[in-house]
Amino acid sequence: MSVRLVIVDDHPVVRDGLRGMVAEQAELEVVREAGDGEAGLAVAVRERPDVVLTDLRMPGLAGAEFIGRLARRVPSARVLVLTTYDGDVLPALAAGAIGYPLKDSPREAVFRAVRAAAAGESVLSPAVAGRVLVRTAREPVPAELSERERTVLSLVARGHTNREAAATLLISETTAKTHLAHIYAKLGVSDRAAAVAAGYDRGLLP
């Protein structure tokens, strides 16, 4: 099965380059592209892609606001940020981005990130992962995670949404959200990506 992509970037040359790169991969398909967040949101609502590959800094709707709106309007689409900036990583991840490779990454790394995102796996470039880890490493761990909280964290690390985690564990989505809130409090973090990073850093995840 092919992975259907929407590319959102305000630079036509970048979009052309990405489209050309993707064309070399038989299982990847660019179904549409857009030059700003408003157009990207409209295209994603219409096309329902598997992955939205987006820049962060664009005219008008962009960054975490665009990612948040996209996550609400098309929750099935995995948002992968491809940018030259690593300073805006935490707001983007908190808004719903599943991965954050940088534009200076080798093309094979970008392809791997797209495939992983389509499979629901979080993908961070080494530079971005390091930034997240530095922030989470500063926070103390007030308490140990329970066995159920470890299980929820493991599902989150594999890219499951709250609804998917709840279905897997045969619990309500509200209960899954409560477990996640407890995880955030115990790890001293405020978003899913930081919780996963802290889980790996502290040996809570294999």
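The table that follows gives values for the structure above.
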item	result
Accessible area (Å², per residue) of the chain, counting only protein heavy atoms and a probe of 1.4 Å	48 Å²
24 Å tail of the calculated P(r), region 9-122, as % of Cα pairs	13 percent
Inter-label distance, nm, simple model (7 Å from Cα along the C-beta direction), Ala167/Glu24	3.6 nm
Taking N as its residue count, the alpha carbon Rg of region 10-75 over 2.2 N^0.38 Å	1.09
Total charge dipole magnitude, the chain, about the Cα centre, Cβ charges on Lys, Arg, Asp, Glu only, Debye to nearest 20	440 debye
Sum of side-chain charges, Thr175 neighbourhood, beta-carbon under 14 Å (Lys, Arg +1; Asp, Glu -1)	0
Theoretical FRET efficiency, 1/(1+(r/R0)^6), r = Cβ-Cβ of Ala42 and Ser2, R0 22 Å, to 0.05	0.50
Histogram of C-alpha separations across the chain, 5 Å bin width, %	1, 8, 16, 19, 19, 15, 11, 7, 3, 1
Accessible area of the chain belonging to carbon and sulfur atoms, whole % at 1.4 Å probe	53 percent
C-alpha center-to-center spacing [region 60-100, region 148-174] in angstrom	21 Å
Extension gain, Asp104 back to Tyr184 (0.36 nm per residue minus Cα-Cα distance, nm)	25.6 nm
Value of [θ]222 nm, deg cm²/dmol, for the chain, DSSP H segments ≥ 4, -39500 (n - 2.57) each, nearest 500	-16000 deg cm²/dmol
Euclidean distance of C-alpha centroids, region 103-127 and region 1-35, integer Å	14 Å
Tyr100 long-range amide H proximity, modeled H, under 5 Å	Val81, Val123, Leu124, Ser125
Stretchable slack from Tyr200 to Arg158, in nm (0.36 nm times residue separation minus alpha-carbon distance)	13.9 nm
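The values are calculated or read from the model by the stated rules, or taken from the named source; none is laboratory data. This structure is a prediction, so every number in the text was calculated from the model and none was measured. In this analysis, Cβ positions are derived from the backbone assuming ideal geometry, glycine residues included, and neighbour counts consider all displayed protein chains. Quick note on the areas: whole protein, heavy atoms, side chains included, nothing else; ligands and nucleic acids left out. Shrake-Rupley method; radii C 1.70, N 1.55, O 1.52, S 1.80 Å.
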